1. Just give me the residues in segment 151-192 being of a type outside the set (Val, Ile, Thr) and in a loop (DSSP other than H, G, I, E, B), in sequence order.
2. Exactly one of (1) crowded, with 20+ Cβ neighbours inside 10 Å; (2) modelled with pLDDT of 80 or more; (3) not hydroxyl-bearing (Ser, Thr, Tyr) is unmet by Pro291. Its number?
3. Mind counting the residues in segment 239-260 that are open to solvent by less than 30 Å² (accessible area, probe 1.4 Å) and not small (Gly, Ala, Ser)?
4. Mind checking which helices (runs of 4 or more DSSP H) fall wholly inside segment 61-150 and carry at least 1 residues that are at pLDDT 90 or above?
5. Within segment 158-166, is even one residue over 26 Å from Pro259 (Cα atoms), modelled with pLDDT of 90 or more, charged (D, E, K, R) and in contact with a helix residue (DSSP H, G or I) (Cβ under 8 Å, 6 or more places away or on another chain)?
6. Pull out all pairs, ordered by first then second residue, where Cβ-Cβ is under 9 Å, the residues are six or more apart or on different chains, the first lies in segment 67-83 and is among the aliphatic types (A, V, I, L, M), and the second is assigned to a helix (DSSP H, G or I) and open to solvent by 40 Å² or more (accessible area, probe 1.4 Å).
7. Looking at Glu228, Glu279, can you tell me which residue is in contact (Cβ under 8 Å) with a residue 40 or more places away in the chain, open to solvent by 40 Å² or more (accessible area, probe 1.4 Å) and over 25 Å from Thr19 (Cα atoms)?
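The values are calculated or read from the model by the stated rules, or taken from the named source; none is laboratory data. Keep in mind it's a predicted model, so treat the numbers as computed, not measured. Quick reminder, even Gly has a Cβ in these numbers, built from the backbone with ideal geometry, and neighbours come from all protein chains shown. Side chains included, ligands, DNA and RNA excluded: accessible areas come from the protein's heavy atoms. Shrake-Rupley method; radii C 1.70, N 1.55, O 1.52, S 1.80 Å.
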Amino acid sequence: MIIREKQGILPMLFAWRGTIFPKVLPAIIALSGLSVVMGVMSHYRLLAIPTPPLVGFTIFGVVLSIFLGFRNNACYERWWEGRKLWGRLVATERHLVRDSRILDAGRRRHLLKRSILFTCLLRDRLRYQTAHADLFLEYGEGGADIYQNHPNPPQFVLEQMQRDLIAALRQEQIGEVIYSALTRHIEALGEIQAGCDRIASTPLPFAYSVLLHRAIYSFCIMLPFGIESVLGLWTPLMVAWLVYMFLGLDALSSQLGDPFGLQENNLPLDSLVRVIEREVLSALGQEIPPPLAAERYVMT
């Protein structure tokens, strides 16, 4: 996620890092160059290309803007829902830290460390990456193969946490009321994982994305042919701005549509995991790792 402070009008206008502009710059240069070539050839009458009706471009642009706005809203909704789920995850971990004080020190330490392991495994599952073996040695029990060979490692950790609570209940270390209260936190973690899995495993319909992508590029490619006879020398500049707007929104919505990835505008899952890790280890009286800092205005 981009972490930048608004420093004024000029820094915002000329910002480079953390913007979508570098990703669409090649397309802007290519299509603006096409506009320049067309202008030169038209001026020297080297090529006569029929000008498409401007009304058609107007209608096409309006329809394209509506569909692009719909896609941006849908992608932002996915991004915001993912952020709400991880905000709820942080809150649930804090509830678990407070309510688990009823347990003895050893059982509470195992429970809270497994909650950290659950958070780390959920992040890796959503990003389709393999968890580091040191993670299981620090927060888990048993070898890494026990977790990595399981089809759903975060769910397996929740099962271990539930078994610990059941054992404490059977040994009469906690009562049924405390057991039910702690179980509700584990159930909340499971519901959060289910919500994140739903977002990660259900992308926007591919056919819809391809259709909109093709429409945007078709519009941008035909744009110089439609406005060159009206704008003349101003055509490259107008094409550059319109290409930046349409392709920039398309590229931005593609990043927001996958909120758990590693692109610049995705959610900072590493930072959220570190927040949970610091608070839980602080409650256990153990060494606290430093908070993560943004690198080149990007928080992962």
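1. Within segment 151-192, Pro151, Asn152, Gln171, Glu172, Gln173, Gly175 meet the criteria.
2. (1) is the only condition that Pro291 fails.
3. Number of matching residues: 9.
4. The helices (runs of 4 or more DSSP H) meeting that bar are 105-126.
5. The answer is yes; a qualifying residue exists.
6. Leu68/Leu249
7. Going through Glu228, Glu279 in turn, just one is in contact (Cβ under 8 Å) with a residue 40 or more places away in the chain, open to solvent by 40 Å² or more (accessible area, probe 1.4 Å) and over 25 Å from Thr19 (Cα atoms): Glu279.
Residues checked against (1) surrounded by 18 or more Cβ atoms within 10 Å (Cβ to Cβ); (2) under 23 Å from Ala27 (Cα atoms); (3) within 14 Å of the chain's Cα centre (by Cα); (4) aliphatic (A, V, I, L, M):
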position	(1), (2), (3), (4)
His213	no, yes, no, no
Leu223	yes, yes, no, yes
Leu237	no, yes, no, yes
Leu267	yes, no, yes, yes
Glu287	no, no, no, no
Val298	yes, no, yes, yes
